[in-house]
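Note sheet for the following structure.
The values are calculated or read from the model by the stated rules, or taken from the named source; none is laboratory data. Since the structure is predicted, the reported quantities are computational estimates derived from the model, not experimental observations. Heads up, the Cβs are rebuilt from the backbone with ideal geometry, glycines too, and the neighbour counts pull from every protein chain shown.
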Amino acid sequence: MLQAKEMVIFTIDGRTIEAPDDSNLLEIARRNGIAIPGLCYHRKLTPTGACRLCLVKIEGMRGLITSCTVKVTEGMKVTAFDRELEDTRKLLLNYLLYEHNDAYDGTYPDELRELIFRYGLEKPDNRYFKPVWEKLKFVTDDSSPVLTYDPSKCIKCFRCIKACDEVQGKNVLSFTDRGIDSFIIAGTGIWGGSECDGCGECIQLCPTGAIVEKPNREVINLEKIEKSVVTNCPYCGVGCQIELLVQDGRIVRSNGVEGVSPNDGRLCVKGRFGYEFVHSPDRLTRPLIKRNGSFEEATWDEALGLVADRFTEIRNRFGADALAGYASAKCTNEDNYLFQKFIRTAFGTNNIDYCTRLCHASTVTAMLKAMGDGAGSNSIEDFETTDCLFVIGNNIIDTHPITATYVKRGVVKGQKIIVVDPKWTPLVRYATVWLQPRLGTDIALLNGLVHIIIKNRWTDTKFIEERVEGGLEAFKQLEELTARYTPAYVEEITGVPAASLNMAAMLYATSPTAMIATGMGMSQQVTGTHNVFCLINMMLITGQVGRERCGINPPRGQNNVQGATDVGCSPLNYPGYMPVTNDDNRRRVAEVWGVPYESLSPEPGLTTVEIMQAGYDRRIKGIYIMGENPMISDPNLNHTEEALKRMDFVVVQDIFPTETTRFADVILPASSWAEKEGTYVNSDRRVLRGRKAVGCPGEARLDWKIIHELAGRMGWPMPEYRSENEIFGELARVTPIMAGISYVRLEQGSIQWPCPDKDHPGTPTLYLDRFNTSTGRGKLFPVEYVPQNEQTDRDYPLMLNSGRLLYHYHTATMSRRTKVLRDFVDESFAQIHPGDAGRYGLTEGARVRIESRRGELETTVRVSEDVLEGEVFMPWHFTESQVNRLTRDELDPYSRIAPFKLSAVRITKI
Amino acid sequence: MIREKRIILRNSGVIDPDSIADYINAGGYKALSVALSGTPVKVVEEVVASGLRGRGGAGFPTGTKKQAAAARDAGTIRYVVCNADEGEPGTFKDRAIMESNPHLLIEGMIIAAYGIDAERGYIYIRGEYYDSNRRLEHAISQAYESGYLGREILGSGFSFDLEIKPGAGSYLCGEELTMLESLEGKRGYPRIKPPFPAEKGLWGKPTLVNNVETLANLPGIIEHGSSWFRSSGTRRTPGTKIFSVCGDVRKPGCYEVDAGVILNDLINDLAGGTRNGKPWKAVLLGGAAGTFVPYSCNDLSMCYERLKERCATLGSGAVIVVGSGRKLIPLMQSILRFFRHESCGKCVPCRIGTTYIHERSLEMSGAGHDSRISILDEMVNHARQMAISSLCPLGQSPILPLETLQRHFNETIATE
Ligand SMILES: Cc1cc2nc3c(=O)[nH]c(=O)nc-3n(C[C@H](O)[C@H](O)[C@H](O)COP(=O)(O)O)c2cc1C
Ligand code: SF4
Ligand code: SF4
Ligand code: SF4
Ligand code: FES
């Protein structure tokens, strides 16, 4: 928390103003309605003092002073407007018009143009000089997929440079040449081929349209924008707030929303440009029924009637547990809440799960057991302010780009970063130390760190005594178990040098505050839950939790993957993590839902992969899949495919035809995020409001309305909700962690759960006073390292790792329907180490076949030292090369997550 | 007939600049021993008492700077930076020092560092000064070998490391805050002032920035005392000053004399008078960012206080003599081209103003009497606006030559 600053009183043009000491004079003046002009200043950037338009006079100071570079002090007397100042400003504007091409096409907000009008310079006759810019031989840079830079419109304000450097931490832009001839370059030349990754922060902060967006340039006209809607980004779990501009019923632009959490205006390339899919011609617009092997259009009445009948029939014949549902990490809380209610009532089973099982289920399982809450303990801002960040199995720069901006800003201020990853990630550039363990050896590594910490007495005994269950006794067990994980032993298993282990242990344990960011590399393993236990052990014995800026955080993959579990899309829990096996919980839920208590199943349901396995074994007969694409995202796809084929009745509700809809009996056309009202929960437990920007295409319907109607048709009618607001009202009543949240409150800004009542402000940091376990204490779970079952051998000599790219998202149904994102990357590839490339005779760009014990695919080779020798990395987004044909469905016994990160393979040239 | 008074340059041309032994035999590094045998405070006090003013152009009291740099945040890292960028047109005195007697500068820097307890120093040297660069490089390694640099200098508890950083050919990088940016490896844009270097300099630490000639004065002051120093020069500009005299004179070169020397004596007695033997037309004092004076100022006393009375500047000590046969408009145009070229482009008034007034000055060549007068007037007005509103001193400079040209040579320019 920032300490409240003292207030000072000063005057501007005789007006008395009160402001926090040390705040920026220009900012304060503007906030008080004193419109001092200025083009190079931006709230998010360090002051530049370049445009000089904000000059003022300050009593006791010599000459004219730029107000953007001055802090307010007690008793300061400022003159912001007088004849001399206004004359100087007018001259400066005339100077700008001398070098600036002021042609305006109405496609961007233009701050300079506003000033031109304000100072009466719109007519060329009123200007002092004949322009010179045509004589300066500037060349427009059109090489980027996302933007165009026109130097003749550039006023050299430095905002783009600082946006890229100070805000996004990328530092790609700079000026080249000097004086009036200077212009912006990306890297060492043009944008295309530079390190620019297309986040568009420079576009958003450019005041004159010198940098403009490419998409929709031809169409957009700011005067014709019919509405602008603030909503949630449809992609990752950072939950960035975006503003969608709608023209002629179509989304034409997405801007970052300034001044709100979690992103303060920042976006990544997906959030800024990834909306095109909404208007894709591929959208499903009418219900489809499969007849004789091909899909035929049907009416809603027909389709819903068929679905209701078939599901009812299966329930009656084979029992409730022959049915299952896949919820969606991309749908709202309201959609998912109704969906799980539907599965639990109309289906009468707890067989409900979704792709979270395949990402952080193990993390959540471990966190629930050890600490009592299945979510990140900190706020996104803490990623900037904590002293030390331990990033493990988490390519945060590519997968959570905006969280990463906080990290990079922290590094500038001296934050220490420990990266643990078998593969090079861009964060390694910022790391104090990088540990590169062999795939699947994390437990040995983490036990080794615990060993070093204990040896050096970097433990927090007081914390252990007061806040860990079993206190020093429990600690003793951990000490004994880790005794044999000496640095030498751990080096032997993991390949990480003892010196690096020592350094990492020291940095983490002895920093005043430290946070852990754990990712898929930890969780998507057969030992996923144990991996996270080890992390939590390390955290508990060092007391790096239970204070602000300390804790453990799993940045979440999809925009509502957190929320869907929070609102009950779990085979184990009702909304708010209330176990289904508990009678009281069942009674409470039954009462709010108005269903007989006996009708709710007390048996835990099957998880994602188990549902498919049960389908394979013909125990699950019918499935209702809402907005999920298991035919890309599930492991061991050959097996999944067979499972879907063996089921009697498959319903897929989606916005696009996908790899999964092929196996459906009925396809229900649903709505995209841009067509919905609702709420989402991001990675830092922030409940965020999503809003409708455009209508559904064709006959497509809102997801919740489809579920609602089906419930009625199956004889389990739900209340007549008049709006999403009312659904949330009910949701809040059954979800204790969200009980205090309402749409009215969310209008004022997002709220982090737990928020138990309407006066509760929300919870930025978990576990400050107690853990959420029954005893209020955290639990240690000492676990041993065991070698993985999946091993390489003569036939399958390489180990395959999989992961995400910045430009694509999940099964790419959305991201690959956006041209800009395809322009950056549109092809699958496999990274292999130069040593292996030599060994198997492979060169950059070679087409290869990759085979595992379960399946095969074809892809293209990229030779790279980013991976260790003996290991291969592939992004899993691409349907042409389905990585999950190769992976296993062997499960972590505790969380039932599958090991996407570890498959033995061989590569052959084709 | 006046004569040179060589104090800084006394060993120049006498000793072998590549030999530390020569320097020591001529009494070199004695001042350092004197300094190290006393306290740092004593060094600063002596410099304050000497009244030494910065020789880089602004004439700021060196002692005051040292006090400021020494005062802040006890225990923090501090730096000494020598400004050897010497980019001001017509100025070449720092080069004379560095090429002929590099150890004098090094000794001055060590003394300065001791005074403010700096642990590291940099010499930011003009890239094109190959010989200076090479000589200094050599001298520094000798000083390390002889224990004048590095750990525990001469057995005292004081340690100091010194390094050379060549500049990249930008005039603006001679401006102290821009130089610090450049030293930090960033592009040469000026910083916002305040904070001054003594508060937040290199990497945010207190930093003393001084010109080569300023630092070269320190050994003398420490060895012989401030009153000895004050026996040269004038009361408010004590010491000697090296003038770089060039232009239409018979013997261009560096001349070290008592500050306060009469301008005409400097030109006639030392620089051999004008080339055509006729009275000169104008002198540009202090380089491009300097002031023009007419022949009626030939009795000027070359010290800060007298020059200021006559609205002229001493600057870096450049004395560019314009002979009677030379035209002023082309000279003015080349000065303005220089500013246009050297403007970094960060701030609007300088970036565009320097381009605009240069473009206007080009129109003067073909213009008649009245329009020349009005163009010059317009240029002066613009330069004045630039001076008020620019971010750094570069944009505040064109007013100096333009205003003095207008004051003294309006009619000459209109008719030449
Ligand atoms: C554009 C510009 C260029 C400058 N170039 C130099 C230079 O080349 N050498 C120098 O010593 N000072 C130069 N200065 C002055 C320095 O900013 C600074 O005043 C000086 O280094 C301070 O040292 P001193 O106090 O010893 O004079 C320049 C100033 C400006 C505004
Ligand atoms: S491109 Fe835009 S933001 Fe960047 S310097 Fe030019 S005007 Fe400023
Ligand atoms: S970081 Fe995530 S939430 Fe933010 S814009 Fe990118 S994809 Fe969207
Ligand atoms: S005054 Fe000139 S040199 Fe100085 S910052 Fe402005 S543009 Fe750059
Ligand atoms: S806003 Fe202050 S100088 Fe540009």
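Summary of values
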{"quantity": "Number of the exception - A:Val260 against (1) more than 30 Å from A:Phe649 (Cα to Cα); (2) in a helix (DSSP H, G or I); (3) of a type in the set (A, V, I, L, M)", "calculated": "(2)"}
{"quantity": "Unmet criterion (only one of (1) over 23 Å from A:Ile242 (Cβ atoms); (2) free of Cβ contacts under 8 Å to residues at least 60 places away in the same chain) for A:Leu710", "calculated": "(2)"}
{"quantity": "Residue that is within 30 Å of A:Asp889 (Cα to Cα) and surrounded by fewer than 22 Cβ atoms within 10 Å (Cβ to Cβ), where the choices are A:Asn772, A:Asn725, A:Asn789, A:Asn801", "calculated": "A:Asn789"}
{"quantity": "Residue check, A:Ala643 touching a Phe, Trp or Tyr at 6+ places or on another chain (Cβ under 6 Å) and under 18 Å from A:Phe339 (Cα atoms)", "calculated": "no"}
{"quantity": "Which listed residue is crowded, with 24+ Cβ neighbours inside 10 Å and either in contact with a Lys or Arg (Cβ under 6 Å, 6 or more places away or on another chain) or free of Cβ contacts under 8 Å to residues at least 24 places away in the same chain (or both), from B:Pro195, B:Pro206", "calculated": "B:Pro206"}
{"quantity": "Filter result (closer than 30 Å to A:Phe81 by Cβ and more than 14 Å from chain B (Cβ to nearest Cβ)) within region A:120-141", "calculated": "A:Gly120, A:Leu121, A:Glu122, A:Lys123, A:Pro124, A:Asp125, A:Asn126"}
{"quantity": "Test: residue in region A:365-373 that is over 23 Å from the mean Cα position of the chain (by Cα) and crowded, with 23+ Cβ neighbours inside 10 Å", "calculated": "yes"}
{"quantity": "Whichever residue in region A:56-70 is within 11 Å of chain B (Cβ to nearest Cβ) and under 17 Å from A:Ser23 (Cα atoms) and, among such residues, is surrounded by the fewest Cβ atoms within 10 Å (Cβ to Cβ)", "calculated": "A:Ile65"}
{"quantity": "Lone qualifier among A:Arg646, A:Arg701, A:Arg662, A:Arg685 - being over 30 Å from A:Ser881 (Cβ atoms), surrounded by fewer than 24 Cβ atoms within 10 Å (Cβ to Cβ) and of a type outside the set (A, V, I, L, M, F, W, C)", "calculated": "A:Arg701"}
{"quantity": "Any hit, region A:732-742, residues being buried (at least 18 other Cβ atoms within 10 Å of the Cβ) and touching a strand residue (DSSP E or B) at 6+ places or on another chain (Cβ under 6 Å)", "calculated": "yes"}
{"quantity": "Helices (runs of 4 or more DSSP H) wholly inside region B:34-153 that include at least 1 residues being within 26 Å of B:Ser170 (Cα to Cα)", "calculated": "B:62-71, B:93-100, B:102-116, B:130-145"}
{"quantity": "Hits in region A:682-723 - residues which are among the small types (Gly, Ala, Ser) and either more than 18 Å from A:Phe311 (Cα to Cα) or in a loop (DSSP other than H, G, I, E, B) (or both)", "calculated": "A:Ser683, A:Gly690, A:Ala693, A:Gly695, A:Gly698, A:Ala700, A:Gly715, A:Ser723"}
{"quantity": "Any pair with Cβ under 6 angstrom, 6 or more apart, that starts in region B:212-226 at a residue that is among the hydroxyl-bearing types (Ser, Thr, Tyr) and ends at one that is part of a helix (DSSP H, G or I) and surrounded by fewer than 22 Cβ atoms within 10 Å (Cβ to Cβ)", "calculated": "B:Ser226/B:Ala49"}
{"quantity": "Verdict on A:Leu449 being part of a helix (DSSP H, G or I) and at pLDDT below 95", "calculated": "no"}
{"quantity": "Search result, residues across region A:27-44 that are more than 13 Å from chain B (Cβ to nearest Cβ) and either over 24 Å from B:Met386 (Cα atoms) or in contact with a Cys (Cβ under 7 Å, 6 or more places away or on another chain) (or both)", "calculated": "A:Glu27, A:Ile28, A:Ala29, A:Arg30, A:Arg31, A:Asn32, A:Gly33, A:Ile34, A:Ile36, A:Arg43, A:Lys44"}
{"quantity": "Near pairs, Cβ below 9 angstrom, 6+ apart or cross-chain, from region B:143-154 (on the phi > 0 side of the Ramachandran plot) to any residue that is among the acidic types (Asp, Glu)", "calculated": "B:Gly150/B:Asp161"}
{"quantity": "Residue tally, condition more than 26 Å from A:Ile65 (Cα to Cα), within 14 Å of chain A (Cβ to nearest Cβ) and in contact with a Ser or Thr (Cβ under 9 Å, 6 or more places away or on another chain), over region B:356-383", "calculated": "2"}
{"quantity": "Complete set of residues in region A:132-158 that are of a type in the set (Ser, Thr, Tyr), buried (at least 18 other Cβ atoms within 10 Å of the Cβ) and within 24 Å of A:Arg822 (Cα to Cα)", "calculated": "A:Ser144, A:Thr148, A:Tyr149"}
{"quantity": "All positions within region A:613-648 that are among the hydrophobic types (A, V, I, L, M, F, W, C) and within 27 Å of the chain's Cα centre (by Cα)", "calculated": "A:Ile625, A:Met626, A:Met631, A:Ile632, A:Leu637"}
{"quantity": "Filter result for A:Gly440 (outside any helix (DSSP H, G or I), surrounded by 24 or more Cβ atoms within 10 Å (Cβ to Cβ) and either assigned by TED's automatic domain parsing to the domain that holds A:Ala505 or more than 16 Å from ligand 3 (Cβ to nearest atom) (or both))", "calculated": "yes"}
{"quantity": "Index of the failed condition, B:Cys311 passing every other in (1) away from every other protein chain (no Cβ under 14 Å); (2) surrounded by 17 or more Cβ atoms within 10 Å (Cβ to Cβ)", "calculated": "(2)"}
{"quantity": "Total residues in region B:294-317, condition over 19 Å from B:Ile2 (Cβ atoms) and not hydroxyl-bearing (Ser, Thr, Tyr)", "calculated": "8"}
{"quantity": "Among the candidates B:Gly345, B:Gly395, B:Gly353, residue that is surrounded by 17 or more Cβ atoms within 10 Å (Cβ to Cβ), assigned to a helix (DSSP H, G or I), within 12 Å of another protein chain (Cβ to nearest Cβ) and touching a Gly at 6+ places or on another chain (Cβ under 8 Å)", "calculated": "B:Gly353"}
{"quantity": "Restricting region B:182-199 to residues that are away from chain A (no Cβ under 13 Å) and within 19 Å of the chain's Cα centre (by Cα), the residue that is farthest from ligand 2 (Cβ to nearest atom)", "calculated": "B:Ala198"}
{"quantity": "Index of the failed condition, A:Tyr95 passing every other in (1) of a type outside the set (A, V, I, L, M, F, W, C); (2) within 12 Å of ligand 5 (Cβ to nearest atom); (3) within 9 Å of chain B (Cβ to nearest Cβ)", "calculated": "(2)"}
{"quantity": "Considering residues of region A:825-853 that are of a type outside the set (A, V, I, L, M) and part of a strand (DSSP E or B) only, the residue surrounded by the most Cβ atoms within 10 Å (Cβ to Cβ)", "calculated": "A:Ser852"}
{"quantity": "Filter result (closer than 10 Å to A:Leu766 by Cα and in contact with a Leu (Cβ under 7 Å, 6 or more places away or on another chain)) within region A:531-546", "calculated": "A:Gly546"}
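Listed here are the residues, each with its yes/no results for (1) in contact (Cβ under 8 Å) with a residue 40 or more places away in the chain; (2) over 30 Å from A:Phe383 (Cα atoms).
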{"residue": "A:Leu112", "(1), (2)": "yes, yes"}
{"residue": "A:Pro151", "(1), (2)": "yes, yes"}
{"residue": "A:Arg178", "(1), (2)": "no, yes"}
{"residue": "A:Phe183", "(1), (2)": "yes, yes"}
{"residue": "A:Gly187", "(1), (2)": "no, no"}
{"residue": "A:Ile203", "(1), (2)": "yes, no"}
